[in-house]
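Presented below is the structure to which this report refers.
The values are calculated or read from the model by the stated rules, or taken from the named source; none is laboratory data. This structure is a prediction, so every number in the text was calculated from the model and none was measured. All Cβ positions, glycine included, derive from the backbone under ideal geometry; neighbour counts span all protein chains shown. Quick note on the areas: whole protein, heavy atoms, side chains included, nothing else; ligands and nucleic acids left out. Shrake-Rupley method; radii C 1.70, N 1.55, O 1.52, S 1.80 Å.
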Amino acid sequence: NDIDICLFQEVAQHKDSKVINGNIKEGNNCYLLKEMLDYPYEMYFETKKLGFEVYEEGLAILSKKPLKNKGFTYITKTTDYNNWLTRIALYGDYEGITFFNIHLGWTLWIESIEEQIDKISEMALNKDNQVMILGDFNCCFKSPQYQYFVNKGFYSVAELLNFDIINNPSFNRDLDNGQKDNRFIDHVLMNKKMDILDFKVLFQDNPVSDHNMIYLEIKNG
C-alpha cells in the first residue's frame with residue numbers, strides 16, 4: 001500500500017538467535033516483514049525486556065526515509081530487562097511530525113498506567129511541531145485510562161471521525177477486563193488537528209495477530 005511509516009509493538013526475537021545488524025537478530029518478526037517488502041524500508045528497533053523467558057520483546061518503526069532525532073525512553077519505574085512490566089516508548093521525526101510508538105502497561109505492583117501516560121504526555125506536549133502518538137494503549141475507547149490520556153491535551157482520531165469502534169475492533173480476542181463489545185484498544189492521538197483522508201482497521205476478516213492494524217492517511221503540510 002506504499003505506506004510511509006509503520007509502527008509495531010510486541011516485536012519479538014529469540015534471545016539466543018544470531019545477530020544480523022546492531023540489536024536485530026535472526027527471526028525478528030519486523031525484520032522478516034521488512035525483507036518481504038519491495039521498498040527498502042529503514043528499520044528502528046529497541047528491545048528492553050525479556051518475555052516468556054526466551055523472547056526479547058520491543059518496539060519497531062519502519063519508514064521510507066531515516067528518522068531524525070530518534071530515540072527511546074523508559075515509561076515505567078521498572079527498567080529491569082528480566083521483568084515483563086518494563087515498558088519503553090520509541091520516538092522519531094519524520095516529514096516534520098514527531099511520532100511516538102507506545103505499548104502501555106497496566107496499573108500493577110509499583111506501576112501505574114497514569115504515570116506512564118504522564119511521562120509520554122510531558123515529552124509530546126513539549127514539542128512545538130505536530131506530534132502523533134500511536135500504538136497499543138491496553139485500554140478501551142472512552143475508558144477512564146483512555147480519557148485520562150486524551151484530557152492531557154490530545155485529539156483522538158477515532159473521536160474526530162466518530163468512528164464505529166464496535167464494528168471495527170482493533171483487538172480480536174476477549175479482553176481481560178471482560179469487555180466483549182468495546183475491543184478498540186489501539187489508538188491514534190495528536191496534539192494538533194490534521195486533515196484525515198482515511199482511517200480504517202485492517203485484517204479483520206483474516207487476522208494476522210491478536211491485534212488488527214490501524215491504517216491512517218493524513219494530509220501533511
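Numbers below:
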item: Solvent exposure ordering (accessible area, 1.4 Å, most first) of VAL208, VAL150, VAL131; result: VAL208, VAL150, VAL131
item: Where the chain is the region considered: accessible area per residue in Å², 1.4 Å probe; result: 52
item: HN-Hα J in Hz across the stretch 18-27 - Karplus 6.51, -1.76, 1.60, θ = phi - 60°, x for Gly and Pro; result: 6, 6, 8, 7, x, 9, 8, 10, 4, x
item: Out-of-range pairs (alpha-carbon distance over 23 Å; input LYS70/LYS119; LYS34/LYS152; LYS68/LYS152); result: LYS34/LYS152; LYS68/LYS152
item: Area of HIS14 that stays accessible when all protein chains are in place (1.4 Å probe, Å², to 10); result: 60
item: Phi to ³J(HN,Hα) by Karplus 6.51 cos²θ - 1.76 cosθ + 1.60 over the stretch 156-163, Hz, x for Gly, Pro; result: 9, 4, 4, 6, 4, 9, 6, 5
item: Shape call, the chain: gyration tensor on alpha carbons, a/c limit 1.5; result: rounded
item: Helix-only CD estimate at 222 nm, as mean residue ellipticity for the chain, using -39500 (n - 2.57) per DSSP H run (n ≥ 4); result: -4000 deg cm²/dmol
item: Förster-model FRET efficiency, 25 Å R0, ARG173 and GLU217, C-beta, rounded to 0.05; result: 0.40
item: Local electrostatic count at LEU90 - Lys and Arg +1, Asp and Glu -1, tallied over other residues with Cβ under 9 Å; result: 0
item: Anisotropy class of the stretch 1-88 from Cα gyration tensor, a/c 1.5 cut; result: oblate
item: The stretch 40-141: chymotrypsin sites (Phe, Trp or Tyr not before Pro) in DSSP coil with no more than 13 other Cβ atoms inside 10 Å; result: PHE52, TYR81, TRP109
item: Ranking by accessible area, most exposed first, for ARG173, ARG87 with a 1.4 Å probe; result: ARG173, ARG87
item: Accessible area of ASP128 in the full protein assembly, 1.4 Å probe (Å², nearest 10); result: 140
item: Solvent-accessible area, 1.4 Å probe, carbon plus sulfur percent, for the chain; result: 47
item: Low-density loop positions, GluC sites (Glu not before Pro), the stretch 27-64 - DSSP coil, at most 10 other Cβ in 10 Å; result: GLU53
item: Prolate/oblate/rounded call for the stretch 22-66, Cα gyration tensor, a/c under 1.5 rounded; result: prolate
